[in-house]
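Worksheet: one structure, shown below.
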Amino acid sequence: MSADPLNHRRDLAVRAAVERGLLADDHAPVVGLLDVAAVRESARALHAAFREVAAPDQPVLHTFAVKASSLVPVLRLLADEGLGCEVASPGELALARAAGVDAAHTVLDSPAKTRTELREALVEGIALNADNPRELARLDALMAEDGGRAREGGPAGTAAIGLRINPQVGGGAIGAMSTATATSKFGFPLRDPGAREWLIEAFRTRPWLTRLHAHVGSQGIPLELMARGIAAVYELAEEINAAVGRRQIDTLDLGGGLPVNFDSDEMAPTFAAYARLLAETVPGLFSGTYGLVTEFGRALLAKAGTVVARVEYTKSAGGRRIAVTHAGAQLAVRTVFVPDSWPLRVGAYDTKGLPKTDSPVVQDVAGPCCFAGDLVARERPLPPLDEDDHAALLDTGAYYFSTPFGYNSLPRPGVYGFTIAENGERDGDEVSFATVREPQSLASIVTESGAAHRDALRG
C-alpha cells in the first residue's frame, strides 16, 4: 500500500469509477467521489482533539456546517460519528431533519432569520443565535406570546438562545471569509461605542439568554486570530455573568472555520493543534465552567472528496496546451472566479483511470462553461492530458460537488461515497460505491426551469 493512505484510496476509487462506468454516460461525464473512511477519520480526530483539552464531563457538542455539504447521506454519516448540524436556512434545517439529526443537536445561525424560523426553533427546541438587536426584539415578542414561560416548561422551554458576537479582531487573507472585521455583516459588534454595556443589559433583562457565539472566519484566517476572537467572547461571558450575579451564560459556541491546506494531502492545521492553541490562549475555556459548541465544515470534509471529469478535447492556443473537461465553474465556483484564493490541485489519470506518470507539461485545465475564464487550473505543470483521459480536482469534499452553480443548465453530477475492503484482490483492496446523489437528469433541469408554466407569459 502507498505510504499515503488518502492518495492510495483515491487512486483506487478513480480507477474503479472509470471501470464501472460512473463517468461513461454522456449525461454523467463528471462525478464526485467521497472517501467514507476519511470522513470518519476526520470526525474522530475532532472529537479526540477536544477531549484532550476539555475538563472531565465538560459538555462539548460538535456540529457540522451544513452549507459545506448539503447532502443528506453525508449528514447522516456525520451524525453516526456524533456530530450535529449547524444550519443557516430553512432548506438546511430540512436537510438536517431528513438526516435524522435531533433538534437538541441542531444550531440555527443566519443573519436573516424570519419570524417563522425563529418561532419554529423555539417550539422545537433548536438552539439559535440572534444576530442583531432587531432579531432580539423579535425574540422578545415571541417570548411575550409564550406568556413568559420560556425555559420553564413552555413551548420555548428547551430552546437554548444566544447572541452572535463580532469580536472585531480583524480579517485574514481572504476578505470574503473574514467575519470578524470592524464592519462585518455578522453579529453584535463588540468594540463599537457602548456595545459592552448594551450587551450586559440585554442579558440582565433577559434571563432566557444563555449563550454567546462567535465565528472569526475560515479559509485564510490565522489560528491565532481565531483564538483571539474566542478569547474576547470568553472574557465577555465572564463579565456578563459577574454583572448579573450568576452563571447565566452556560455555553459558548465557538463557531467553526478551520482553514484547509490545499497544497498537499496533509491535514494542516489539525483540530488538535487548534484545540491546544485555544487551551493555551483561553485556559478558562476548558475549565468545565461552560459547555462548548463547534461548527466546523470545510475542514472536516475537504480532503475526503475528489471531483473526476472526463477530458473531452485537447487543443492549443497561443502556444498554450488546453485540456477541456466537464468540471468548471458549475462546480468549482470559487476556484474559477477567485483562483489565487482557492487554488486546487489537479490529478491526471488516463483513459482507464490510472495515474499518468508522463513528464509534466504546462497546460490549462478548462471547464465546459461558455465564458473564457472557466479555468480550474492555469499554466499548471501536469502529465499531458489527452482526449478521454480524466482530470481529478482534489480536496473538493466540501462545497464543490455539493453546492453547484446552475450555469449553462449543466446537470448536477452524481456523488458516490466509496469504501475499500481488503479481500486479497488488487493488492488487497476492493472498492465499493454507495450513491449519495443521483446524477441530475435533463428532465429535472427542464422541470426546475418552469416547464409546467410554459405558456404563462403568452397572455
Exercise. Dipole of segment 308-423, Cα-centred, from +1 at each Lys and Arg C-beta and -1 at each Asp and Glu C-beta, to the nearest 20 debye?
Worked result: 240
For this session: Would you compute, from DSSP H runs of 4+ residues alone, the mean residue ellipticity of the chain at 222 nm, taking -39500 (n - 2.57) per run and dividing by the full residue count, rounded to the nearest 500?
Result: -9000 deg cm²/dmol
Exercise. Dipole size in debye (nearest 20) for the chain around its Cα centre, Lys and Arg Cβ +1, Asp and Glu Cβ -1?
Worked result: 1000
For this session: With a 10 Å radius around each residue's Cβ, average the other Cβ atoms per peptide and rank 62-72, 381-391, 225-235, highest first.
Result: 62-72, 225-235, 381-391
Exercise. Among 327-338, 45-56, how do they line up from the highest to the lowest mean number of other beta-carbon atoms within 10 Å?
Worked result: 327-338, 45-56
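Based on Cβ point charges of +1 for Lys and Arg and -1 for Asp and Glu, what charge dipole magnitude is obtained for segment 54-296 about its Cα centre, in debye rounded to the nearest 20? Kindly include the intermediate steps, with their values, before the conclusion.
Working: 21 positive and 30 negative charges, 125 e Å.
Dipole of segment 54-296, to the nearest 20 debye: 600 debye.
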Exercise. Taking the Cα centre of each part, how many Å lie between segment 79-103 and segment 14-37?
Worked result: 27
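Given contacts defined as C-alpha pairs under 8 Å and at least six residues apart, what's the relative contact order of the chain, whole-number percent? Before the final figure, lay out the partial values.
Numbers: 967 pairs, mean separation 83.1, N = 459.
About 18 percent, as a whole number.
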Seminar exercise, completed: Among (1) 4, 12, 15, 18, 18, 14, 9, 7, 4, 0; (2) 4, 19, 28, 23, 16, 8, 2, 0; (3) 3, 12, 13, 11, 9, 7, 6, 6, 6, 6, 7, 6, 4, 2, 1, 0, 0, the entry matching P(r) over Cα pairs in 10 Å bins from 0, in percent as calculated here is (2)
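Normalising by the residue count of segment 12-129, find the relative contact order in percent from Cα pairs under 8 Å and 6+ residues apart. Provide the component values of the computation, followed by the final result.
Working: 119 pairs, mean separation 21.0, N = 118.
Computed over segment 12-129, the figure is 18 percent.
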For this session: May I ask what percent, to the nearest 5, of DSSP beta bridges between residues of the chain are antiparallel?
Result: 50
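Indicate, rounded to the nearest 5 percent, the antiparallel portion of the DSSP beta bridges found entirely in segment 54-296. Write out the running numbers ahead of the final one.
Numbers: 1 of 29 bridges.
In segment 54-296, DSSP labels about 5 percent of beta bridges as antiparallel.
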For this session: Quick one: which residues, 5+ away or cross-chain, put their amide H under 5 Å from the amide H of Asp364? H built at 1.01 Å from N.
Result: Arg321, Ile322, Ala323, Glu379, Arg380
Seminar exercise, completed: As straight-line cross-link partners of Lys315, the qualifying lysines (C-alpha separation under 25 Å, not fewer than 8 residues apart within one chain) are Lys352, Lys356
Problem set entry | Calculated from backbone phi, Karplus (6.51, -1.76, 1.60) coupling profile of segment 204-209 in Hz, x at Gly/Pro | 4, 8, 9, x, 7, 7
Problem set entry | Listed residue (Ala103, Thr181, Pro404) projecting farthest to the positive dipole end of the chain, Cβ model | Thr181
For this session: Before anything else, pin down the relative contact order of segment 54-296: Cα pairs under 8 Å, at least 6 apart, normalised by residue count, whole percent.
Result: 20
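Quick one: length gained pulling Arg276 to Lys352 fully straight, 0.36 nm per residue minus the C-alpha distance?
On the way: separation 76, 0.36 × 76 = 27.36 nm, distance 4.45 nm.
So the extension gain works out to 22.9 nm.
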For this session: Mind jotting down the distance between the C-alpha centroids of segment 280-339 and segment 120-140, whole Å?
Result: 32
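Coordinate-derived values only; no laboratory data. Note that the structure is predicted; figures quoted are calculated from it, not measured. Here the Cβ is made from the backbone with ideal geometry for all residues, glycine too, and neighbour counts use every protein chain on show.
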